[in-house]
1. Between ARG133 and LYS94, what length comes free when the chain is fully extended (0.36 nm per residue of separation minus the Cα-Cα distance, one decimal in nm)?
2. In the range 81-121, which trypsin sites (Lys or Arg not before Pro) are in a loop and have at most 11 other Cβ atoms within 10 Å, using DSSP for the loop call?
3. Loop-only check: which GluC sites (Glu not before Pro) in the range 38-117 are DSSP coil with at most 10 other Cβ within 10 angstrom?
4. Please give the net charge around ASP141, taking every other residue with its beta carbon less than 10 angstrom from that of ASP141, where Lys and Arg add +1 and Asp and Glu add -1.
5. Could you check the spin-label model distance between HIS108 and LYS26? Points 7 Å from the Cα along Cα→Cβ, value in nm.
6. Pull out the extension gain between ARG195 and GLU38, defined as 0.36 nm times the separation in residues minus the alpha carbon to alpha carbon distance; nm, one decimal.
7. Past 28 Å, Cα to Cα, is the threshold; run LYS49/LYS178; LYS49/LYS136; LYS49/LYS94; LYS94/LYS136 against it and keep the listed order.
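Each value in this text was obtained by applying a stated rule to the coordinates, not by laboratory testing. Quick caveat, the model's predicted, so the values are computed rather than measured. Cβ sites come from the backbone with ideal geometry, for glycine too, and all protein chains shown count toward neighbours.
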Amino acid sequence: MASLEVSRSPRRSRRELEVRSPRQNKYSVLLPTYNERENLPLIVWLLVKSFSESGINYEIIIIDDGSPDGTRDVAEQLEKIYGSDRILLRPREKKLGLGTAYIHGMKHATGNYIIIMDADLSHHPKFIPEFIRKQKEGNFDIVSGTRYKGNGGVYGWDLKRKIIRLYRKEVLEKLIEKCVSKGYVFQMEMIVRARQLNYTIGEVPISFVDRVYGESKLGGNEIVSFLKGLLTLFATT
């Protein structure tokens, strides 16, 4: 009996260790695209480089909204190059709005943290490890990039630009349920709703730059919709 007990104890210890050990965090990047054929390979390469060098478990979900410039073809090639476990192309047939793109991407995300950012290189992926460190330091629900603190700067950036953010997955799911905006004001509404729900928010100073290739996706009608969305948001919160 004694020998039997000795042989069982290491097995029991391993099981206890597995139960007590937290699973490795995984970060899902939601990358909506529309006419980003030139930018997409570079942003993906920078993301992969940043994650790999930092030893971070990740996946990049590309949500292309029927880009006529061949962005989807480029995304398919990137999926082959880096592997479908790292690059997930989840396209839609047409342009349906930024908010719904994030909702669509969330359905395919397997990470317990979500990073949302633009594909036009206005946000540099080199800041992502700092976002992750900040989240761990303060156990924040959300970490947002800001140009108003520390060494953050802005180069050709205006109020229409979207802001890189890191969310706990369950927090983002809850915020998406509460948000009514679908366009570019969606991210702003999410942060307003987050404060209403008392989620904790950390900030990381980062530099923003204007898009590298191509033209802004915001036409005259979208700018009007953006401003109307802001007015609606301020009136209802």
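1. Working: separation 39, 0.36 × 39 = 14.04 nm, distance 3.63 nm.
Length gained, ARG133 through LYS94: 10.4 nm.
2. The qualifying sites are LYS94, LYS107.
3. The qualifying sites are GLU93.
4. Details: positive: ARG168, LYS174; negative: GLU170.
Its environment carries a net charge of +1.
5. 1.5 nm
6. On the way: separation 157, 0.36 × 157 = 56.52 nm, distance 3.65 nm.
Extra length available between ARG195 and GLU38 comes to 52.9 nm.
7. On the way: LYS49/LYS178 35 Å; LYS49/LYS136 21 Å; LYS49/LYS94 30 Å; LYS94/LYS136 37 Å.
Cα-Cα > 28 Å for LYS49/LYS178; LYS49/LYS94; LYS94/LYS136; rest within.
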